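Participant: Take this structure, written in structure tokens, and hold onto it; I'll ask about it next.
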Amino acid sequence: MSSFEDFNLKKQLNYAIEDLRFEKPTPIQEQAFSVVMSGKDIVGIAQTGTGKTMAYMLPLLQELTFSKQIHPRILVMVPTRELVLQVVENIESFAKYINVRVLGVYGGTNINTQKQLCAQGTDILVATPGRLYDLALSKAVKLKEIKKLVIDEVDVMLDLGFRFQLINIFELLPNKRQNIMFSATMTSDVEALIDDFFIAPEKVSIAVSGTPLENISQECYAVPNFYTKVNLLTRLLKDKDTYKKALVFVSNKRSADVVFEAVEEFFGGESCVIHSNKTQNYRMRSIRQFDEGKNRILVTTDVMARGLDLDKITHVINFDTPNYPENYMHRIGRTGRAEHKGNSILFYTEKEEPFKEAIEDLMNYEIPALTIPSNVEISEELRPEERPRILEADNPDQTTLASQGSFHEKKEKNKKVNQGGSYQRIIAKKYKKPKTKGDKNYNKRNNKK
Ligand code: AMP
């Protein structure tokens, strides 16, 4: 193998592939094609960026016949609205020359508009589980004609707590159907779902979690604390020729906002942010601006970034070290796609070092370490969560104040006292303002002193 000719596709699909300028099938496409065509249940283990959408869609489109019926025959379930839009767009590009109707439905928008769209009829329905269930309950969508069920990003889906909704939906589907499932990682939750609902599925897997992606260069920095990470990040990003399109990962939305504000202060207008507290419109705008190159920096959390189809990312910067090594694999998989060379940089504190080691164990690869450039200021300021626990006899809030254990002793090189008009002092001062409950308590405590 391998060439698209080996698939014996109908000519309309070949024309679309030519238009897309895809030269050959990706490994997951090569492996999944015959299994999906055979009608057997299939579990594909593949990360975003491997071409998995086409891996299941191409054989399904190959088989799909023209119909005018109202109710969908193919159901694709995905965890997020962003992914609905992306999958719909993908299918439309593959099915450009086929007379096929594709509809995407997702929560957070007017359900009545979607009911009307459903009433017009569709062949392929792409949906998030919650909205799909509501539409099915209100009889706007009937699922009894579904022949093919695709569940994409199952791991994320279960992570977001959709198991119950998936099971409800399974009950509305006909028993006789083909199940096609894709997941980036195999977790015990995913295994359980397969055991309960799939019939002797064939497993196809290309990137066993733990295989480092070969065209990604990886590096790491040991960094003493959050604000030094901010200083290092902004220092690196100054090199605009190198950091042309950088995806900055942080583990939670609060840090995402802080990091974004910091980056924005240095590179006003060059950066954007997405996380689950941002509105749908805000997120879509951020993604578009980054994708089109208007902004070269995108700060994101793990869940938000999954499933995004972002091209030509030059750098993935892991502002913090993921607690689950698989998440690191997901993150770095966003760069080095489609034959481009990618780069990943990991920042880790002493507290995060065990997580870094777990990642290295999983990959069986030691990430080359770099030393922080001497012109990066080492901050003395600590975030509330980095501060050592201070016990206050009369403070009922103290458990919420407590850091997650004592912060590590500074290394000799980090004991430098920084007195200049440094950026981290400005930002630390700024964050003394009670912005959140945590910070408010932190101020209370400081004022008591
Ligand atoms: P996915 O993993 O489905 O999100 O796909 C990742 C990206 O790879 C998308 O931008 C696809 O358009 C692209 N892609 C899919 N199949 C191929 C292929 N055979 N050759 C080159 N690019 C592809």
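The values are calculated or read from the model by the stated rules, or taken from the named source; none is laboratory data. On a predicted model such as this, the values are computed, not experimentally measured, just so you know. All Cβ positions, glycine included, derive from the backbone under ideal geometry; neighbour counts span all protein chains shown. To get the accessible areas, we keep the full protein, side chains included, count just its heavy atoms, and leave off ligands, DNA and RNA. Shrake-Rupley method; radii C 1.70, N 1.55, O 1.52, S 1.80 Å.
Participant: Taking the stated definitions as given, is VAL76 within 16 Å of the ligand (Cβ to nearest atom), open to solvent by less than 20 Å² (accessible area, probe 1.4 Å) and in the same structural domain as LEU143 (by TED's automatic domain parsing)?
Facilitator: yes
Participant: Another question about this same structure. Considering only the stretch 334-348, I want to know if a residue exists there that is closer than 19 Å to ASN252 by Cα, among the aromatic types (Phe, Trp, Tyr) and in contact with an Asp or Glu (Cβ under 9 Å, 6 or more places away or on another chain).
Facilitator: Yes, there is a match, as at least one residue in the stretch 334-348 is closer than 19 Å to ASN252 by Cα, among the aromatic types (Phe, Trp, Tyr) and in contact with an Asp or Glu (Cβ under 9 Å, 6 or more places away or on another chain).
Participant: Would you check if there is a residue in the stretch 121-133 being open to solvent by less than 60 Å² (accessible area, probe 1.4 Å), among the aromatic types (Phe, Trp, Tyr) and without any contact (Cβ under 8 Å) to a residue 60 or more places away in the chain?
Facilitator: As a first pass, look at the stretch 121-133 and keep what is open to solvent by less than 60 Å² (accessible area, probe 1.4 Å): 121-133.
Next cut, among the aromatic types (Phe, Trp, Tyr) only: 133.
Applying the additional criterion that residues be without any contact (Cβ under 8 Å) to a residue 60 or more places away in the chain yields 133.
Yes, because at least one residue in the stretch 121-133 is open to solvent by less than 60 Å² (accessible area, probe 1.4 Å), among the aromatic types (Phe, Trp, Tyr) and without any contact (Cβ under 8 Å) to a residue 60 or more places away in the chain.
Participant: Shifting gears a bit: Which one is nearest to the ligand (Cβ to nearest atom) among residues in the stretch 1-15 that are part of a helix (DSSP H, G or I) and surrounded by 14 or more Cβ atoms within 10 Å (Cβ to Cβ)? Show your work before the answer.
Facilitator: Within the stretch 1-15, the subset part of a helix (DSSP H, G or I) is 4-7, 11-15.
Add one more test, that the residue is surrounded by 14 or more Cβ atoms within 10 Å (Cβ to Cβ), and what stays is 4, 7, 12-15.
Values: PHE4: 8, PHE7: 11, GLN12: 17, LEU13: 12, ASN14: 13, TYR15: 15 Å.
That would be PHE4.
Participant: Failed condition for VAL273, given (1) closer than 30 Å to ASP152 by Cα; (2) open to solvent by 10 Å² or more (accessible area, probe 1.4 Å); (3) among the hydrophobic types (A, V, I, L, M, F, W, C), with all others met?
Facilitator: Unmet condition: (2).
Participant: If you go through the stretch 172-189 one residue at a time, how many are open to solvent by 10 Å² or more (accessible area, probe 1.4 Å) and among the aliphatic types (A, V, I, L, M)?
Facilitator: 3
Participant: With respect to GLY342, determine if the residue is within 16 Å of the ligand (Cβ to nearest atom) and touching a Ser or Thr at 6+ places or on another chain (Cβ under 7 Å).
Facilitator: It is true that GLY342 is within 16 Å of the ligand (Cβ to nearest atom) and touching a Ser or Thr at 6+ places or on another chain (Cβ under 7 Å).
Participant: Give me the residue from the stretch 79-111 that is open to solvent by 30 Å² or more (accessible area, probe 1.4 Å) and among the small types (Gly, Ala, Ser) and, out of that set, farthest from the ligand (Cβ to nearest atom).
Facilitator: Per the criteria, the residue is GLY108.
Participant: Please state which one of THR314, THR300 is among the polar types (S, T, N, Q), touching a residue at least 40 places away in the same chain (Cβ under 8 Å) and open to solvent by less than 10 Å² (accessible area, probe 1.4 Å).
Facilitator: The unique qualifying residue is THR300.
Participant: Within the set of pairs 6+ apart or on separate chains, which have a first residue in the stretch 4-31 that is within 19 Å of ALA46 (Cβ to Cβ) and among the hydrophobic types (A, V, I, L, M, F, W, C), a second that is part of a helix (DSSP H, G or I) and more than 12 Å from the ligand (Cβ to nearest atom), and C-beta atoms under 7 Å apart?
Facilitator: PHE4/ASN14
Participant: What is the residue count in the stretch 60-97 for residues that are within 24 Å of LYS10 (Cβ to Cβ), touching a residue at least 40 places away in the same chain (Cβ under 8 Å) and of a type in the set (A, V, I, L, M, F, W, C)?
Facilitator: Residues flagged as within 24 Å of LYS10 (Cβ to Cβ), touching a residue at least 40 places away in the same chain (Cβ under 8 Å) and of a type in the set (A, V, I, L, M, F, W, C) within the stretch 60-97 amount to 9.
Participant: Let me ask something else about it. Residues of the stretch 16-29 being open to solvent by less than 80 Å² (accessible area, probe 1.4 Å), near the ligand (Cβ under 9 Å from one of its atoms) and more than 16 Å from ALA184 (Cα to Cα), which ones?
Facilitator: ILE17, LEU20, PRO25
Participant: Hey, can you tell me all the residues within the stretch 242-298 that are β-branched (Val, Ile, Thr) and touching a Lys or Arg at 6+ places or on another chain (Cβ under 7 Å)?
Facilitator: ILE274 - this is the single residue of the stretch 242-298 that is β-branched (Val, Ile, Thr) and touching a Lys or Arg at 6+ places or on another chain (Cβ under 7 Å).
Participant: Let me spell it out: the conditions are (1) in contact with a Ser or Thr (Cβ under 6 Å, 6 or more places away or on another chain); (2) free of Cβ contacts under 8 Å to residues at least 60 places away in the same chain; (3) assigned to a helix (DSSP H, G or I), and TYR227 meets all of them except one. Which number is the exception?
Facilitator: Failing condition for TYR227: (2).
Participant: Mind listing whichever residues of the stretch 218-256 are closer than 23 Å to ASN295 by Cα and of a type in the set (Gly, Ala, Ser)?
Facilitator: Result: ALA246, SER251, SER255, ALA256.
Participant: Sort out which residues of the stretch 31-66 are more than 15 Å from the ligand (Cβ to nearest atom), open to solvent by 20 Å² or more (accessible area, probe 1.4 Å) and part of a loop (DSSP other than H, G, I, E, B), and write them in order of number.
Facilitator: Correct list: GLY39, LYS40, LEU64, THR65, PHE66.
Participant: Considering only residues that are open to solvent by 70 Å² or more (accessible area, probe 1.4 Å) and in contact (Cβ under 8 Å) with a residue 40 or more places away in the chain, which ones fall in the stretch 146-163?
Facilitator: LYS147, ASP159, LEU160
Participant: Among the residues of the stretch 56-72, is there at least one that is in contact with a strand residue (DSSP E or B) (Cβ under 7 Å, 6 or more places away or on another chain) and either closer than 25 Å to GLU326 by Cβ or not hydrophobic (A, V, I, L, M, F, W, C) (or both)?
Facilitator: Yes, there is a match, as at least one residue in the stretch 56-72 is in contact with a strand residue (DSSP E or B) (Cβ under 7 Å, 6 or more places away or on another chain) and either closer than 25 Å to GLU326 by Cβ or not hydrophobic (A, V, I, L, M, F, W, C) (or both).
Participant: Moving on to the next point. What single numbered condition from (1) basic (Lys, Arg); (2) farther than 21 Å from GLU264 by Cβ; (3) open to solvent by 30 Å² or more (accessible area, probe 1.4 Å) fails to hold for ARG331?
Facilitator: Answer for ARG331: the failing condition is (3).
Participant: Of everything in the stretch 1-42, what is modelled with pLDDT of 95 or more and among the β-branched types (Val, Ile, Thr)? Give them in sequence order.
Facilitator: ILE17, VAL35, VAL36, ILE42, listed by residue number.
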